[in-house]
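To start, the structure under review is shown below, and the notes come after it.
Coordinate-derived values only; no laboratory data. All values derive from a computational prediction rather than experimental measurement. FYI the Cβ positions are ideal-geometry reconstructions off the backbone, even for glycines, and counts take in every protein chain you see.
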Amino acid sequence: MSLLRPLRVWRLRLRSLVRKDAADTELHRELAFHFDQLVAEQIEQGLTPDAARQAAHRAFGNAAALEESCRDERRVTWIHDLQQDIVYGVRMLRKQPVFTAVAAASLALGIGANAAVLGAFDAVIVQGLPVAHAERLVAIQSVALDNPSQLAGNSLADYAAFRDRTQSFDAMDLSIKSAGDVADDEPGAPPQRTTGQSVTPGWLTMLGIEPLMGRVFTVAESQPSSPAQVVVISHAFWQRRFGSDPEILTRHIRVQGTVRAIIGVMPAEFRYQEPGVDYWVPLFVGARPDASGRLFGVRARLKPAVSLAQAQAELDAIATQLVAEAPVQHKGWGVRVRPLNEFLFGWTREPLLTLEAAVALVLLIGCANVAALLLSRSSVRRREVALRTALGAGRGRIIRQLLTESVLLAIAGGALGLIVALIGQRALLTMATPPGSPPLTAIGLNARVISLLALLSIGTGLVCGLIPAIRGSRLDPMSSLKEAAPSAGPVRRRTFPQGVLVSVQLALALVLLIGSGLLLKSLVRQVQRDLNFEPQGLVQFDFNVPAGRYAQRIGSHHGFPYFEIGPAPAQTLARVLDRLRTVPGAESVAAISAPPVDAFVLATMEVVLEGSPAISHAASAGGPSINVDAPNNDATYFLVTPNLFGTIRTPIVRGRDFTSRDTVTAPWVAIVNETFARRFWPGEDPIGKRFTLDTVPEEQPRQVVGVVRDIPTRHAESPQPVVYASYLQQPSRYRGPWAGLFGQMQFMIRPSGDPTATISAVRKAIGEIDPGRPLVDVTATASHLRAGTGRFRSFVWLVSVFAAVAMLLAAIGTYGVMAYTVDQRRREIGIRRALGAGRREIVAMVGRRAVAFVAIGLAGGLAGALALTRLIESQLWDVTPTDPLTFVAVSVLLVAIAAIACMIPARRALSVDPTVALRTD
Amino acid sequence: MPKPSDLLQGTLDLLILKTLSREPQHGWGLAKRMLELSDDVLTVQQGSLYPALHRLEQQGWIEAEWKDTKQGRSAKFYTLTREGRQQLERELTIWKRLSSAVGLLLKNA
């Protein structure tokens, strides 16, 4: 086959497309020639020229139709039709700016919000981590068998066993975060608090991200026999601290008292880890570590072709072995392997799905809104459509024209939706991340989001436009053309679909409103939760003595750093406390090692009750212990000063507060919360009981002298066992990750009068004690608490915004349809008024249908909400998914808004002037 | 008398191609020639003829050229292209097979 034919064909197509006029003229001439020949033939047969022409016309038929069918053979007519439809559609939309604006805005909200949420879902959950072999990366955690939702880190013993006994992984590494570290480099540079991680050598490269500069650790550098003093720093730290010094690899920094050579800088995209980590130092884990603290994060990479289930099965078997080998350490704990992306960003799944449900409802309401508007308009346009039909437009052609208009509308909506999507994504990024999760930075407008927008727009246009287009095209041209003005005819049937759409919109809006109402109520419950202390009027500030000044690292013990703790922090803190007590206006002053509620990092200690052997010693002895059946002996641990509970006004249920007599030489004491007392001594009097914290031999047994009400350590969690100890009664050595614990204090001050004066006096006092220290940042405790509910707050806020938008759209839809109905019935109303109908009859006539549709919407919405709110049960807090108060209150709100939306058109019905209404015919 | 619509699908294209294979023609002349060649049996209405011509042109089987008629009027003349000639052969083969099959069936049934 030669190339000539395709060439010719394409030339012709192109010509019919770009030189359409020439092609049309030619066609016209060709047919005119044929017609002339017909006429000539008739004349030859003896007819007069006039008669001949008439005969030829009869024989020739509809010339326009013939031209059209010839044009159809060009295979490009659809392009021309589309062009025509678009030009015409744009003209129609511009002629009715209010309609266009309302419809496009309705769609923009729905389309944009969906693109934002689906885009985020795509980026975070579907696409996963943008690193090599992301699907093979997993996080391994311990799980409490009696409470599968309680996930913890792994102990070193777990890690060593997993690393040495599994076959499923080709890499397994671990990290531990150290809070309150200090990095200082050359003399002159001020010390700085940063956060770092100790990691095994492979940890940094497991994600497949290579260092930007330099290298990462070698296995040899982590050997305890010859530890190399090296450190790898983050990109942010390199920029912030070293001004992106290109010679960085020649510099050193002092980390926790050790001078270390900087051997590498990780790139900026290396951020799939806890936020704010600025440096990494090597960590070695021997073959048989026996530390039992579940404090380490374990990451691993599955071998190719090994499934998650296989890895889980292998780890389960090892967990069982571990329980048999060392029951004290391992009993009650299992192991759980999860994809790394799920581990890092799994928390976004539920809120994103809930948001997606919300915005999907918004889009549906928007569609219903636009469909109702288009339906109303299609009745107004009956005559135009009839005219087009009479002029030879087929039904398909009419439907195409009407659909083009709605797609145009949706594309306009999609373009506006782009703005909504941008705003929406920014709002999504404000969803606060839970502690320990990397921030959501991966969300952005990418090609996928844009194409999603385009698809949503066109799809929405087709969905919204289909019913109105089909109905609009189903017309008898004769009757419609004859009809001069909207008649007093069967309006009821004609506006029935719009009424149904109103019901649908109201029902969808109600579902969304009830969902957001339940979430709002949860938020209120959470915010108003009785914290068992009085944040109102309290101010607080963070004060810390750098760990480098008092903690001397003397080695490592069972895999933990081991420190000699000097007396300095307690002395400094005591001095600050004494000074603050003299500040005028400070009614009472106390301090606690971390904010009592929603602290970023909480120290936990393993508790050994008197009479039971110390856990790690029991483990190394391999002997059984009376504690075996209590799987979790961890308690949250706070160091406090005397009079803390008096200052923050936490009720002491039994016993006493710490006093100035509880010094390091006095018998060591502790105060526990009620949950602690209940868990460890159920049904017994805790006062006078003794326990030891499993840290170092220097730690002395503590006697319980008081029990306080539970202060929840996290806003949205049930109370955990808590131990409070005096900051003065601390051992001189410490083993574990929280060396900074001894020098950090959250001072809590209750001013008696004007807090601002007290705050400035406090700042001045601190400046006198330590002139080199930057001014302390004194904040209201209440605002700190607000920050703690930030994540839930921003999520609930987002859902509520969408619910409000949904309500607004539904109200506009209701109003639009009611106004249209009244408009259609102007004549009828006029006649009735002329015949003496009173205002009440008119309102009843207009309102009867409205009441019916609102009632249907209400019933549908309540049924939908009853069925669907179960799905967000896990996100509710202290509120049942069928909370009657919320259901009733929201229904009343919806009915009220619907009533207002109906009232305005009803009032307009009353203002119909009978004479004018009758004259419009 | 059979109308073109009664013709088998695709037969009109075959007839046009065959008729044009003798000499280039304009639409009017083509209709006349087809009537003449079929002993006044096949009247091809312009409603079918012109769309068919345009279709064949778009498919590249025929090409058009404006030329003067014997009477000196300008008209659009269609000519069979080389590929059109091949297409005519193909369609003829198909037609022969079809018509003999129809004939066979009518004889034997």
Item checked: Environment charge of residue A:462, counting only residues whose C-beta is closer than 13 Å and scoring Lys/Arg +1, Asp/Glu -1 -> 0
Next item on the list: At most 13 other Cβ atoms within 10 Å plus a DSSP loop assignment makes a site exposed; report the longest stretch of chain B without any exposed trypsin sites (Lys or Arg not before Pro).
Entry: B:1-69
Next item on the list: Take every Cα pair under 8 Å in chain A that's 6+ residues apart, average their separations, divide by the length, and report that relative contact order as a whole percent.
Entry: 16 percent
Item checked: Sites matching GluC sites (Glu not before Pro) across region A:643-737 that sit in DSSP coil, with at most 13 neighbouring C-beta atoms within 10 Å -> A:684, A:698, A:717
Notebook entry, point to check: Among A:643, A:912, A:894, whose Cα lies farthest out toward the positive end of the dipole of the protein assembly as shown, if unit charges sit on the beta carbon of Lys, Arg (+1) and Asp, Glu (-1)?
Noted result: A:912
Checklist line | Other-chain or far-sequence residues with amide H under 5 Å of residue A:744's (modelled H) | finding: A:545
Notebook entry, point to check: Which distance in Å, rounded to a whole number, links the C-alpha centroids of region A:193-237 and region A:849-921?
Noted result: 61 Å
Check: For region B:104-109, in order, what is each residue's ³J(HN,Hα) by Karplus, 6.51 cos²θ - 1.76 cosθ + 1.60 with θ = phi - 60°, in whole Hz (x at glycine and Pro)?
Finding: 4, 5, 5, 6, 8, 5
Check: What list do you get for A:904, A:592 if you sort them by fewest beta carbons within 10 Å?
Finding: A:904, A:592
Next item on the list: Would you kindly state how much longer the chain becomes between residue A:79 and residue A:663 on full extension, computed as 0.36 nm times their sequence separation minus their alpha carbon distance, in nm to one decimal?
Entry: 201.2 nm
Note to self: Test of understanding: what is the full-extension gain from residue A:907 to residue A:94, defined as 0.36 nm times their sequence separation minus their Cα-Cα distance?
What the structure shows: 289.8 nm
Check: Looking only at other chains, what is the average number of their beta-carbon atoms within 10 angstrom of each beta-carbon in B:46-52?
Finding: 6
Margin query: Using Cβ contacts closer than 10 Å as the measure, can you line up A:126, A:277 from fewest to most?
Written below: A:126, A:277
Note to self: Please compute the Kirkwood hydrodynamic radius of region A:4-75 from all pairs of different C-alpha atoms, in Å with one decimal.
What the structure shows: 13.9 Å
Check: In whole percent, what relative contact order does region A:42-184 give with Cα contacts below 8 Å and a gap of six or more residues?
Finding: 7 percent
Check: Among A:111, A:398, A:423, what is the fewest-to-most ranking by other Cβ atoms within 10 Å?
Finding: A:423, A:398, A:111
Item checked: Relative contact order of region B:4-108, pairs being alpha-carbon contacts under 8 Å that are 6 or more residues apart, as % -> 28 percent
Next item on the list: Choose one of A:261, A:161, A:272: the residue whose Cα lies farthest towards the positive end of the charge dipole of the protein assembly as shown (beta-carbon charges +1 Lys, Arg; -1 Asp, Glu; about the Cα centre).
Entry: A:272
Next item on the list: Binning at 10 Å from 0, report for region A:307-349 what percent of all alpha-carbon pair distances ends up in each bin.
Entry: 28, 37, 29, 7
Checklist line | Dipole magnitude of chain A, debye to nearest 20 (Cβ charges: Lys/Arg +1, Asp/Glu -1, about Cα centre) | finding: 3560 debye
Notebook entry, point to check: Can you give the net charge of the other residues whose Cβ lies under 12 Å from the Cβ of residue A:120, counting K and R as +1 and D and E as -1?
Noted result: +1
